[in-house]
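Enquirer: Have a look at this one before I ask anything.
The values are calculated or read from the model by the stated rules, or taken from the named source; none is laboratory data. Predicted, not measured: the structure shown is a model, and the values here were computed from it. With ideal geometry, Cβ positions are generated from the backbone for all residues, glycine too; neighbour counts draw on all protein chains shown.
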Amino acid sequence: MTVVGAGPVGCVLAMLLAKRGHDVEMYEMRPDMRAESADGGRSINLVLTDRGLRALEMFGLREKVLEITVPVLGRMMHSVDGELAYQPYGKDDSECNYSVSRGELNKFLLDAAEEMGITIHFEKTCTGADFDTSQLHFEGSDPVDAGVIFGADGAPSAVRKALVEAGAVDDSVEMLEYGYKELIFPAADGGEPAMAGHALHIWPRGDHFLMGLANLDGSFTGTIYLPWKGEHGFEELDSVEKVRAFFEEFYPDAIPLLGEDFEEEYLSNPNGKLGTVRCKPWHLGDRALLIGDAAHGIVPFFGQGLNCGFEDCVVLDEVFTQTDDLAEAFSTFDTRRKPNSDAIADMALENFVEMRDKVGDPHFLLKKAVEHRLENEFTDIYRSRYAMVMYSYIPYSVAYSLGEVQQEILEELCADIERPEDADMEHARELIEQKLVPLYDQHDVDLSF
């Protein structure tokens, strides 16, 4: 079996195939990052949650990976005038996300894959595939007999492109009119974080925003999201003077936290694109299967891209226990995962608007505070959509549907109040029992996570 793409999802996929006794080879277009310096400037920190960690548990790697992460307990919103507002993620500090360097996680998983006897070929750019002969084509080399082909080569997947060209798959790529650029928040003197290390920091500014996620060394990986065009877009901010003026107007409290030459860093770092990949089906008989971003690339605003890809591996492993017929396994996997990948793609797009526009809005913050009360007072019948996505294995599609009903309940509870403590909790229980509890029974939802 051959896996194209040796990113985190490709590594975990290869490992589960090897664990099942298959001979596995991997092909990666980039150099071995363990021997080369990785290109900077386009590496949004990854977020690991329980869904993703479940995949690592299959190999006994959960605790080892957690050693290279930083726990993140909530969001810290920064207003233009420097005021801070903290919003916890879970019902208590036991529920958290984990910030991890994409490069460090990938290096760890490359080592783990090789320890399982998997051969990894680097600097092999896939240019196409012949699914009738089960051969892969690589730039500057002869075709390779691949056997079963797994495309784990990310959103620009060459394997998906080959499947589309073969008439086996239809795909769509919807690009946001926004891009991103990385900026580093250095650690303070002594290596301590210069901001609260337990929080995702967000500077919401309507049509653009800045984020910061903590690293192990006390620094933060910052990412600024801007439209491509317009007054506040990448095209306009093309000089040191314009970048400085822009940050002084919209992110004044971030300036002392950024590096001394952040304007030069901004101008020299590359821009990254953001988009959503959808395709169907994800497989071609028993000959090829797409997985992770190659099948369902999503924007990063729910912190689930990595976790969704890792959960693909968990589900595929479950399907393999049910049948030895690859065509049947691939079809079942496709049927189970497609609705859930579509749901998290939609939620990620919604969260983009939330993080850009709403996290500083008083009514939004009121609803979040009331929801926090509901989670703590009605632990047996209410968990937020965010918690269901991040801290449980409830299918994304179910969490999405329940979240729609939750918003109706929160709007009703917050309609005539200004403070979360004024919410009518007796009425809240009535609404939850009337509108949500029947759906829990319908979808076999267990809230005891």
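Enquirer: Only one of Ala168, Ala196, Ala162 is in a loop (DSSP other than H, G, I, E, B) and outside the structural domain of Gly222 (by TED's automatic domain parsing); which?
Expert: Ala168
Enquirer: Does the range 380-395 include one or more residues that are under 21 Å from Ala14 (Cα atoms) and in contact with a Ser or Thr (Cβ under 6 Å, 6 or more places away or on another chain)?
Expert: The answer is no, given that none of the residues of the range 380-395 is under 21 Å from Ala14 (Cα atoms) and in contact with a Ser or Thr (Cβ under 6 Å, 6 or more places away or on another chain).
Enquirer: Additional query: Can you tell me which residue within the range 207-230, out of those that are assigned to a loop (DSSP other than H, G, I, E, B) and in contact (Cβ under 8 Å) with a residue 60 or more places away in the chain, is surrounded by the most Cβ atoms within 10 Å (Cβ to Cβ)?
Expert: So, considering only residues that are assigned to a loop (DSSP other than H, G, I, E, B) and in contact (Cβ under 8 Å) with a residue 60 or more places away in the chain, the one surrounded by the most Cβ atoms within 10 Å (Cβ to Cβ) is Asn215.
Enquirer: Follow-up question, since we're still on this one. Among the residues of the range 297-313, how many are small (Gly, Ala, Ser) and either within 8 Å of the chain's Cα centre (by Cα) or surrounded by fewer than 24 Cβ atoms within 10 Å (Cβ to Cβ) (or both)?
Expert: 2
Enquirer: Is it the case that Ser172 is under 25 Å from Leu306 (Cβ atoms) and surrounded by fewer than 16 Cβ atoms within 10 Å (Cβ to Cβ)?
Expert: So Ser172 passes the test.
Enquirer: State yes or no: is Asn97 of a type outside the set (A, V, I, L, M, F, W, C) and in contact with a helix residue (DSSP H, G or I) (Cβ under 6 Å, 6 or more places away or on another chain)?
Expert: no
Enquirer: Do we find that Glu318 is in a helix (DSSP H, G or I) and either outside the structural domain of Trp282 (by TED's automatic domain parsing) or without any contact (Cβ under 8 Å) to a residue 40 or more places away in the chain (or both) in this structure?
Expert: yes
Enquirer: Scan the range 256-276 residue by residue and report those that are assigned to a helix (DSSP H, G or I) and surrounded by 14 or more Cβ atoms within 10 Å (Cβ to Cβ).
Expert: The answer is Leu257, Phe262, Glu263, Glu265, Tyr266, Leu267.
Enquirer: Got a number for residues in the range 403-424 being touching a residue at least 40 places away in the same chain (Cβ under 8 Å) and in contact with a helix residue (DSSP H, G or I) (Cβ under 6 Å, 6 or more places away or on another chain)?
Expert: 6
Enquirer: Right, here's the next one. Considering each of Ser392, Ser401, Ser448, Ser397 in turn, give the residue that is outside the structural domain of Cys313 (by TED's automatic domain parsing), modelled with pLDDT of 95 or more, small (Gly, Ala, Ser) and closer than 23 Å to Asp93 by Cα.
Expert: Result of the check over Ser392, Ser401, Ser448, Ser397: Ser392.
Enquirer: Here's a follow-up. Failed condition for Glu95, given (1) among the charged types (D, E, K, R); (2) buried (at least 18 other Cβ atoms within 10 Å of the Cβ); (3) under 29 Å from Lys273 (Cα atoms); (4) at pLDDT below 95, with all others met?
Expert: Just one mismatch for Glu95, condition (3).
Enquirer: Check off (1) among the small types (Gly, Ala, Ser); (2) in contact with a His (Cβ under 7 Å, 6 or more places away or on another chain); (3) surrounded by fewer than 22 Cβ atoms within 10 Å (Cβ to Cβ) for Gly233 and give me the number that stays unchecked.
Expert: (2)
Enquirer: From the list Leu17, Leu66, Leu48, Leu84, pick out the single residue that is among the aliphatic types (A, V, I, L, M) and in contact with a Phe, Trp or Tyr (Cβ under 6 Å, 6 or more places away or on another chain).
Expert: None of the others qualify; the one that does is Leu48.
Enquirer: Could you list, in sequence order, the residues of the range 58-92 that are surrounded by 13 or more Cβ atoms within 10 Å (Cβ to Cβ), among the charged types (D, E, K, R) and assigned by TED's automatic domain parsing to the domain that holds Gly309?
Expert: Across the range 58-92, the qualifying residue is only Arg62.
Enquirer: Would you tally the residues in the range 76-126 being touching a Ser or Thr at 6+ places or on another chain (Cβ under 8 Å) and aromatic (Phe, Trp, Tyr)?
Expert: Total meeting the criteria: 1.
Enquirer: May I pose another question? Contact list please: Cβ distance under 8 Å, first residue in the range 352-371 and modelled with pLDDT under 90, second residue among the polar types (S, T, N, Q), pairs at least six apart or on different chains.
Expert: Val359/Gln87; Gly360/Ser79; Leu365/Gln87
Enquirer: Right, here's the next one. Hey, does the range 286-296 have a residue that's surrounded by fewer than 22 Cβ atoms within 10 Å (Cβ to Cβ), of a type outside the set (A, V, I, L, M) and in contact (Cβ under 8 Å) with a residue 40 or more places away in the chain?
Expert: So far as the range 286-296 goes, yes, one or more of its residues are surrounded by fewer than 22 Cβ atoms within 10 Å (Cβ to Cβ), of a type outside the set (A, V, I, L, M) and in contact (Cβ under 8 Å) with a residue 40 or more places away in the chain.
Enquirer: Further question on the same structure: Show me the strands (runs of 3 or more DSSP E) entirely contained within the range 61-158 in which 1 or more residues are touching a residue at least 40 places away in the same chain (Cβ under 8 Å) and under 17 Å from the mean Cα position of the chain (by Cα).
Expert: By residue number, 69-72, 74-78, 97-100.
For (1) surrounded by 12 or more Cβ atoms within 10 Å (Cβ to Cβ); (2) under 16 Å from Thr379 (Cα atoms); (3) under 26 Å from the mean Cα position of the chain (by Cα), each residue gets a yes or a no:
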position: Gln406; (1), (2), (3): yes, yes, yes
position: Glu412; (1), (2), (3): yes, no, no
position: Asp416; (1), (2), (3): no, no, no
position: Met425; (1), (2), (3): yes, yes, no
position: Leu436; (1), (2), (3): yes, yes, no
position: Leu439; (1), (2), (3): yes, no, no
position: Val445; (1), (2), (3): yes, yes, yes
position: Phe449; (1), (2), (3): yes, yes, yes
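Enquirer: Could you count how many residues in the range 378-429 are part of a helix (DSSP H, G or I), of a type in the set (D, E, K, R), farther than 29 Å from Ala345 by Cα and in contact with an Asp or Glu (Cβ under 9 Å, 6 or more places away or on another chain)?
Expert: Of the residues in the range 378-429, 2 are part of a helix (DSSP H, G or I), of a type in the set (D, E, K, R), farther than 29 Å from Ala345 by Cα and in contact with an Asp or Glu (Cβ under 9 Å, 6 or more places away or on another chain).
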